[in-house]
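The values are calculated or read from the model by the stated rules, or taken from the named source; none is laboratory data. For clarity, every value in this text was computed on a predicted model and none was experimentally measured. Neighbour counts are summed over all protein chains in view; Cβ atoms, including those assigned to glycine, are modelled from backbone coordinates with ideal geometry.
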Amino acid sequence: MEQPFKNFYKRTRQEKVALLKTLGYLPADDTQSHLPEEIADQMVENYLFNYELPLGVAVNFNINEKDYVIPMVVEEPSVIAAASNGAKKIGPIKTSVSHRELIGQIVFAEVTDVDQKVNLIESRNEELLQLARSFSPSMVKRGAGPNRIWVETKQDTTGDYLIVYVGMDTGEAMGANAINTVLEGIAPEIAQLIQQPILFSILSNYSETAITTAQARIPVLTLHPNAVEAEQIAHKLELASRYAHIDVYRATTHNKGIMNGIDPVLIATGNDWRAVEAGVHAYASRNGNYESLTEWVIDKKTNELVGTISLPLAIGTVGGTIAVHPSAQWSLKLLGNPDAETLAGIVASVGLAQNFAAIFALVTDGIQKGHMALQAKSLALQAGAHVDELPQVIEKLKQKQKQPVNQAVAKEILDEIRKQNQTI
């Protein structure tokens, strides 16, 4: 079986780009994209200069029977390696999206006669929905826009809150500005209807109904050349997964590892990773306890380890930063210019692969073996090694794998190498 990305990490940057062009992931005339200062100056206030992070690619991903090379922007050395390794081990991934919906809230506080006002709003539901759609004509024209309105009440010691929710299909956009425009457009009408002042109107970054799911089925016997070892690893993986559902200390780090993979893809594609983080962690707490976002179980009938991740992903492929940032546009081009639903499946798949790589390392060799091997280059750079000195420093750091290694150790190695070179 052909493996075009075998030893991909060993190639030079130029060789990697050339291979991506040869395989058709990038056009032959593609060039690196940079954020021009004049555009960056319009993106933020008080702009000075661009803060740069490395953009790399994760390979070995097969999602819904299509191969992907996935752009990731991250400063941590082990993240892309783990994603690529995890994807290679878990094999084909299947994804699904329940439906795309962004939710907004119009909140009224200290509400009197709350039940009567709820009934009044509900009696005008269809009229309010049509009004909401009038504030999003372009999305409605594309078959998206507001699609439902409902009312809830909540109480605390200050009294009753009345909340009007708007559910909105934002099409290919994340849609934060679009839904906020709708909310602020219809809020005065509702306030007039119930004779109640508005507390605020704003989108929510949480939607427990708009869920993206990715699943992989790994033959247990592929986990290790020895069948007994493979069965034991699968059992440990299942136990580690179960434990992440009952211990908040483990669940926090478990989910952080998942976001290690998800956030870099969101950044690369110009999406709001902060909004996704907020929604994802809220979803992890939906049962009253903070739990794992993934589940790994052994299917005894097929002797497969089945991994599943489910999480809310309110992301887009048009508008906002995506529309103006050349690197975001380049990243989407690398992915084949996916629609928002396809991109959500890609993002979830990276999270699943990242999670598998982390748990597999934990229950076998431990997390530090691979992590510190990849950290060697970073430690060498921190110690002040020049590019031509890196190979020697990295090799000597790797030889010390059974000993604690840090920047001070790297500096000692570098100093020794330089002394030896001076005597030659």
**OP:** May I ask you to verify whether Leu343 is at pLDDT 95 or above and under 17 Å from Arg100 (Cα atoms)?
**Re:** yes
Subject >> Qualifying positions in segment 87-140 - among the polar types (S, T, N, Q) and part of a helix (DSSP H, G or I) >> reply: Gln116, Asn119, Ser123, Asn125, Gln130, Ser134, Ser138
Subject >> Residue selected from segment 294-338 under the condition under 16 Å from the mean Cα position of the chain (by Cα) and without any contact (Cβ under 8 Å) to a residue 60 or more places away in the chain, by the criterion nearest to Ser349 (Cα to Cα) >> reply: Pro338
Original post:
Consider Asn62 against the criteria (1) assigned to a strand (DSSP E or B); (2) of a type outside the set (Ser, Thr, Tyr); (3) within 19 Å of Ala268 (Cβ to Cβ): it satisfies all of them except one. Which criterion is unmet?
Top reply: (3)
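Determine which member of the set Leu305, Leu266, Leu293, Leu239 is of a type in the set (A, V, I, L, M, F, W, C), more than 28 Å from Leu221 (Cα to Cα) and either out of contact with any strand residue (DSSP E or B) (no Cβ under 8 Å at 6 or more places or on another chain) or in the same structural domain as Leu352 (by TED's automatic domain parsing) (or both). Don't jump to the end; show me each part of the working.
Working: Leu305 fails: more than 28 Å from Leu221 (Cα to Cα); Leu293 fails: more than 28 Å from Leu221 (Cα to Cα); Leu239 fails: more than 28 Å from Leu221 (Cα to Cα).
Every option except Leu266 fails the conditions.
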Subject >> Breaking point among (1) among the hydrophobic types (A, V, I, L, M, F, W, C); (2) without any contact (Cβ under 8 Å) to a residue 24 or more places away in the chain; (3) in contact with an Asp or Glu (Cβ under 7 Å, 6 or more places away or on another chain), for Ala230 >> reply: (3)
Original post:
If you scan segment 221-245, which residues turn out to be of a type in the set (Gly, Ala, Ser), crowded, with 23+ Cβ neighbours inside 10 Å and in a helix (DSSP H, G or I)?
Top reply: Ala234
**OP:** Look at Glu152 and say whether it is at pLDDT 95 or above, charged (D, E, K, R) and under 18 Å from Ser207 (Cα atoms).
**Re:** yes
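Give Val276, Val265 a once-over and let me know the one that is under 21 Å from Ser204 (Cβ atoms) and either buried (at least 21 other Cβ atoms within 10 Å of the Cβ) or free of Cβ contacts under 8 Å to residues at least 12 places away in the same chain (or both). Full working, then the answer.
Details: Val265 fails: under 21 Å from Ser204 (Cβ atoms).
After ruling out the rest, the residue left standing is Val276.
Return yes or no: is Val166 surrounded by 21 or more Cβ atoms within 10 Å (Cβ to Cβ), touching a Gly at 6+ places or on another chain (Cβ under 8 Å) and not in a helix (DSSP H, G or I)? I'd like the intermediate steps shown before the answer.
Working: surrounded by 21 or more Cβ atoms within 10 Å (Cβ to Cβ): yes; touching a Gly at 6+ places or on another chain (Cβ under 8 Å): yes; not in a helix (DSSP H, G or I): yes.
Taking the combined requirement at face value, the residue satisfies it.
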Original post:
Right, Asn125: closer than 24 Å to Gly279 by Cβ and not assigned by TED's automatic domain parsing to the domain that holds Gly316 or not?
Top reply: no
Original post:
Filter segment 348-367 for residues that are farther than 15 Å from Ala216 by Cβ and touching a helix residue (DSSP H, G or I) at 6+ places or on another chain (Cβ under 9 Å); which is modelled with the lowest pLDDT?
Top reply: Ile367
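Table: residues versus (1) in contact (Cβ under 8 Å) with a residue 24 or more places away in the chain; (2) on the phi < 0 side of the Ramachandran plot.
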position	(1), (2)
Val44	no, yes
Pro54	no, yes
Asn60	yes, no
Asn64	yes, no
Pro71	yes, yes
Lys88	yes, yes
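Within segment 182-211, how many residues turn out to be over 26 Å from Tyr283 (Cβ atoms) and in a helix (DSSP H, G or I)?
Step one: list which residues in segment 182-211 are over 26 Å from Tyr283 (Cβ atoms), which gives 184-198.
When the remaining residues are screened for being in a helix (DSSP H, G or I), the result is 184-194.
Of the residues in that region, 11 qualify.
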Original post:
What is the number of the single condition among (1) under 28 Å from Asn271 (Cβ atoms); (2) hydroxyl-bearing (Ser, Thr, Tyr); (3) at pLDDT 95 or above that Ser123 does not meet?
Top reply: (1)
Original post:
Can you name the number of the only condition in (1) modelled with pLDDT under 95; (2) more than 16 Å from Gly351 (Cβ to Cβ) that Glu76 fails?
Top reply: (2)
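One residue is enough: does segment 169-181 have a residue meeting the conditions hydrophobic (A, V, I, L, M, F, W, C), under 30 Å from Asn355 (Cβ atoms) and not in a strand (DSSP E or B)? Reasoning before the result, please.
Let us first name the residues in segment 169-181 that are hydrophobic (A, V, I, L, M, F, W, C), namely 173-174, 176, 178-179.
Filter again for under 30 Å from Asn355 (Cβ atoms), leaving 173-174, 176.
If we keep only those that are not in a strand (DSSP E or B) as well, we get 174, 176.
Within segment 169-181 (the criterion being hydrophobic (A, V, I, L, M, F, W, C), under 30 Å from Asn355 (Cβ atoms) and not in a strand (DSSP E or B)), the answer is yes, since at least one residue qualifies.
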Subject >> Filtered residue count, segment 246-265, keeping only those that are in a helix (DSSP H, G or I) and over 22 Å from the mean Cα position of the chain (by Cα) >> reply: 0
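Tell me which residues, restricted to segment 1-45, are of a type in the set (A, V, I, L, M) and either under 19 Å from Tyr68 (Cα atoms) or outside any loop (DSSP other than H, G, I, E, B) (or both).
Answer for segment 1-45, where residues must be of a type in the set (A, V, I, L, M) and either under 19 Å from Tyr68 (Cα atoms) or outside any loop (DSSP other than H, G, I, E, B) (or both): Met1, Val17, Ala18, Leu19, Leu20, Leu23, Leu26, Ala28, Ile39, Ala40, Met43.
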Subject >> Condition met for Val248 (among the aliphatic types (A, V, I, L, M) and crowded, with 17+ Cβ neighbours inside 10 Å) >> reply: no
